[in-house]
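The values are calculated or read from the model by the stated rules, or taken from the named source; none is laboratory data. Keep in mind it's a predicted model, so treat the numbers as computed, not measured. Glycine also receives a Cβ, built like all others from the backbone with ideal geometry; neighbour counts cover every protein chain displayed. SASA here: full protein model, heavy atoms, side chains in, ligands and nucleic acids out. Shrake-Rupley method; radii C 1.70, N 1.55, O 1.52, S 1.80 Å.
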Amino acid sequence: MASATPSSLASSKEKNNGAKLRRLLVDGGTKVFRDIFDSYHPPARLAADLNANYLILDDLFHRRILNRHQWDTLFPLGGVPVDSNSFDITLLFLLLTNICGLTCPSSGWHAMPPSSDTSLEANLARLKYFRNALCHIT
């Protein structure tokens, strides 16, 4: 008699813990990125700050680093005020690394920094690294 194969949809402690960790990294990480971003570009000045960085952002858009949806989020049409609460974690990281004057960690923005580097920038890169590792698993 053949034993039944467990369903890939079945719940397990490991799957539940993985889902909690992903949620913590995405939701918590987004809040951390937004709080840091807002400290550099406060909501009351956000539209003016984005306009002041227009050339940098336009270059990112033309190099296809920023996509159309992200561009429209930064520069909404129809007089809708821009709000960092509408920025997702990817856009926030892109803005933090391009218009906030942060120094790139020695390992770069897209790699795991050495454990000895506890700078703000290294911690941002670390958070991005773990988020991508968990959320882009094939």
Quiz item: Within segment 62-69, is there a residue that is part of a helix (DSSP H, G or I) and either in contact with a Cys (Cβ under 6 Å, 6 or more places away or on another chain) or in contact (Cβ under 8 Å) with a residue 12 or more places away in the chain (or both)?
Solution: no
Practice problem: Could you list, in sequence order, all residues of segment 28-61 that are free of Cβ contacts under 8 Å to residues at least 12 places away in the same chain, within 16 Å of ASN98 (Cβ to Cβ) and hydrophobic (A, V, I, L, M, F, W, C)? | Solution: ALA52, LEU55, PHE61
Exercise. Return the total of residues in segment 67-97 being among the aromatic types (Phe, Trp, Tyr) and open to solvent by 20 Å² or more (accessible area, probe 1.4 Å).
Key: 2
Self-check item: Candidate set: segment 92-115, residues that are in contact (Cβ under 8 Å) with a residue 40 or more places away in the chain and not aliphatic (A, V, I, L, M); chosen: the one nearest to ALA133 (Cα to Cα)
Solution: PHE93
Practice problem: Give me a count of the residues in segment 47-66 that are in contact with a helix residue (DSSP H, G or I) (Cβ under 8 Å, 6 or more places away or on another chain) and open to solvent by 70 Å² or more (accessible area, probe 1.4 Å). | Solution: 2
Exercise. Considering every residue within segment 115-134, establish whether at least one is at negative phi, open to solvent by 80 Å² or more (accessible area, probe 1.4 Å), modelled with pLDDT under 95 and within 16 Å of the chain's Cα centre (by Cα).
Key: yes
